[in-house]
Structure formats: structure tokens, C-alpha cells
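See below for the structure under consideration.
The values are calculated or read from the model by the stated rules, or taken from the named source; none is laboratory data. In this text the structure is predicted, and so the values were computed from the model without any measurement. Every residue, glycine as well, gets a Cβ built from its backbone with ideal geometry; the counts of neighbours run over all protein chains shown. Ligands, DNA and RNA are stripped out before the accessible areas are found, and what is left, the full protein with its side chains, is counted by its heavy atoms. Shrake-Rupley method; radii C 1.70, N 1.55, O 1.52, S 1.80 Å.
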Amino acid sequence: MGEDPLGLATTPSGNLVNDTITLNNGVRIPSIGFGVFQSSPEETAVAVETALKAGYRHIDTAAGYGNEREVGDGIRRSDIDPAEVFVETKVWVSDYGYDQTLHAFEKSATKLGISQIDLLILHQPMPQHFERTVGAYRALERLLDDGHVRSIGVSNFMPHHLAALREQTTVVPAVNQVELHPYFTQPDVQRANAESGILTQAWSPIGGITFYPGWGENRASVLEDGTIRRIAETHGKTPAQVMLRWHLQQGRSAIPKSTDPGRIAQNIDVFDFQLDTDELTEIDALDRGIRGGPDPDGVDPSTWDVEIPEP
Ligand code: A2P
């Protein structure tokens, strides 16, 4: 591998490859991960295979997405050494509690077809049953100690959830994955994460997600935003690429989702340009403080009645 002008690694053919971020326990995570939320099982294996061939080396899934098995299939079909692929998955709230979460690891690992998971995180805090959330996290600590997972973390934890968790547990989460795009930047969450050495990872990093029918249908699309489009034109890049670059330059991991081969390739082709400080500031100023997804304080098992099946 050679070096490009930005100091990023390149292949012998000159193609830039994904860069990595070092987590608080020394494990390296590719900064751009491939997201598969709302990818149907039928689409997922092909999308994962396409993504790995396009240069991704990090896949983000979840037990609750119902496609872990197909993620594993996609990795095997890609002919890329599975050891080179960083796999991140999430424990769903119906599996919280110490013993249940130990078993949730077995279910996920079996479906993925791997013995060790690179990053296992709690999908949501469960504020109305926080003792089960703590039990689940203690199980992650045990799995880390036993070498079944290489790193552990959380998702959708607001600063008060993080503080409550940290009072009762030992290992600082490596990652907190939260909704984060130019229209919803959560500066308080980013600050709390940074103060504890937790990597902020952006879900819906280009603001493209629409959850369920009727939810977010009238929301303005950040992909159409005039400021983002102007900056994209300046660099000869797309709005999605500008947003991904904004995440990377501010030190975040981002996990764009796509099932379209062209957009899958586009979303990893973000290592050959740089936004300047004024552009980063302009994008920060687009924040509207309005979530596209659910409020983490409102989630409990009855919100989404999903049970994670046995393999
Ligand atoms: P598709 O799968 O058809 O490409 P996010 O990861 O921010 O939630 O965005 C995911 C949504 O944005 C999906 O609907 C995806 O649709 C779409 N998308 C992904 N990449 C791009 C892109 N480069 N440009 C425009 N839309 C995109």
C-alpha cells in the first residue's frame, strides 16, 4: 500500500481504501461501516457482498434487523478473508438481562457464522427497566473478558443514560451509535461521548432513513439541502459524500445504508477530498434539533414487540 496526499493508505492501483479509528481499548475500527437496517434478508447478502467488493471492511447489523444470517452469507460469498471484516451487531431489548444477553451473543454469533464478534452493543437503553439494561451490559463485559467479543458499546444512549450505566458498570463503552446527520447533530451527546473517550458513531449519517410508513414522510431531506448541494458541487462530489466526509473529519464513524450498487460504491469513495473549516461550520449550522427516529427515553419491549428467534 502507498500513501496518498492526505496521508491515507492507497492500493497499488491508486485506489483509496477505508481508514480506521482506534477505539478506547486499542481495537481499530474502519471508520465507514456498511449499514443494513431495513435491508430485507433477500437483499442483504448481495448488498454485503457488493459492499465488501467495493472496499468496505466493516458491516453494522443488529439482531433486531432480522438479517444477521444473510450478513454472514454475504461475507462468505465475497471471497474476502472474514478475518479482515469488522462485524458489529446489537443486542435487542427483549434479550436484556445478564443471562439473556449471554445467550443473545450465542444466537447472533451462530447466525453470523463467526465465533468472535468485533463489536457488540446494546441497541437501546431501556429506561423503564434500567436494571435489565445494566444486566445486559454486565453480560457484555463478561463476553469481553472471555474473548468472545473484541469490544463492547451502546446505541441511542443519551448523556443521562450513559452516566447511569457508568455508575453501575466497569468497562467504558467503546462506541455510542446514535442518530446523527446535519439536521440532527446532538452536540450534547457528542460532548458526553468525547469526555468519556467513547467513539460517536452516526446512524442515518446522510439523514436518509424513514422508519415506518407515515413516520418522517414530510420531513425535509438533507440530501436535497441547498448548502450541502452547493458544497458538493464545489468538490465535484455528491451530497451523501459531503456528509460522510463531514463525519470523518469530525472524528466520527458513520454507517451509511444502501442496497444500490452505485450508491454503495459512492458512499465509500470519500477519502480523496477534504472539506475546509468554513464548510464544516456551515454544515454544523444546519442542525434543526429534530429527530427522525424514536426518542430513546420512550423505548421498552412493548414499543416494538420483537422477539429474536433462535438460530
Ligand atoms: P438505497 O438503499 O436505495 O440507496 P441513511 O444510511 O442515512 O439512513 O440513508 C439510507 C437511505 O438513503 C436509504 O433509503 C438509501 O436508499 C439512501 N441512500 C444511500 N446512499 C445514498 C446516496 N449516496 N445518495 C442518495 N441516497 C442514498
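Values for this structure:
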item: Single match in R229, R219, R252, R291 (criterion: within 16 Å of the ligand (Cβ to nearest atom), open to solvent by 50 Å² or more (accessible area, probe 1.4 Å) and at pLDDT 95 or above); result: R229
item: Neighbours by Cβ (under 7 Å, 6+ apart or cross-chain): first from region 158-181, within 12 Å of L140 (Cβ to Cβ) and hydrophobic (A, V, I, L, M, F, W, C); second within 16 Å of the ligand (Cβ to nearest atom) and open to solvent by less than 30 Å² (accessible area, probe 1.4 Å); result: V175/Q201
item: All positions within region 270-288 that are at pLDDT 95 or above, acidic (D, E) and under 22 Å from the mean Cα position of the chain (by Cα); result: D284
item: Given (1) more than 13 Å from the ligand (Cβ to nearest atom); (2) under 23 Å from F37 (Cβ atoms); (3) not acidic (D, E), index of the condition L280 fails; result: (2)
item: Scope region 94-132; condition aliphatic (A, V, I, L, M) and either more than 20 Å from the chain's Cα centre (by Cα) or outside any helix (DSSP H, G or I) (or both); matching residues; result: L102, I114, I117, L119, L120, I121, L122, M126
item: In region 157-205, residue nearest to the chain's Cα centre (by Cα) [restricted to those that are part of a loop (DSSP other than H, G, I, E, B) and small (G, A, S)]; result: S204
item: Answer residue from region 149-182, given it is farther than 18 Å from G289 by Cβ and within 16 Å of the ligand (Cβ to nearest atom) and is surrounded by the most Cβ atoms within 10 Å (Cβ to Cβ) among those; result: Q177
item: Residue within region 75-87 that is in a helix (DSSP H, G or I), within 16 Å of the ligand (Cβ to nearest atom) and touching a strand residue (DSSP E or B) at 6+ places or on another chain (Cβ under 9 Å) present; result: no
item: Top-ranked residue of region 255-269 - restricted to ones that are touching a helix residue (DSSP H, G or I) at 6+ places or on another chain (Cβ under 6 Å) and more than 19 Å from E88 (Cβ to Cβ), ranked as most open to solvent (accessible area, probe 1.4 Å); result: P261
item: Residue match in region 80-87 (condition: under 18 Å from A136 (Cβ atoms) and open to solvent by less than 40 Å² (accessible area, probe 1.4 Å)); result: no
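Per-residue answers, yes or no, for (1) open to solvent by 10 Å² or more (accessible area, probe 1.4 Å); (2) aromatic (F, W, Y); (3) within 13 Å of the ligand (Cβ to nearest atom):
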site	(1), (2), (3)
F34	no, yes, yes
F37	yes, yes, yes
E43	yes, no, yes
E49	yes, no, no
K53	yes, no, no
I59	no, no, no
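Rundown of residues vs (1) out of contact with any Ser or Thr (no Cβ under 8 Å at 6 or more places or on another chain); (2) surrounded by 16 or more Cβ atoms within 10 Å (Cβ to Cβ); (3) within 15 Å of F157 (Cα to Cα), yes/no style:
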position	(1), (2), (3)
K90	no, yes, yes
D99	yes, no, no
A104	yes, yes, no
K107	yes, yes, no
L122	no, yes, yes
Q128	yes, no, yes
Y137	no, yes, yes
L140	no, yes, no
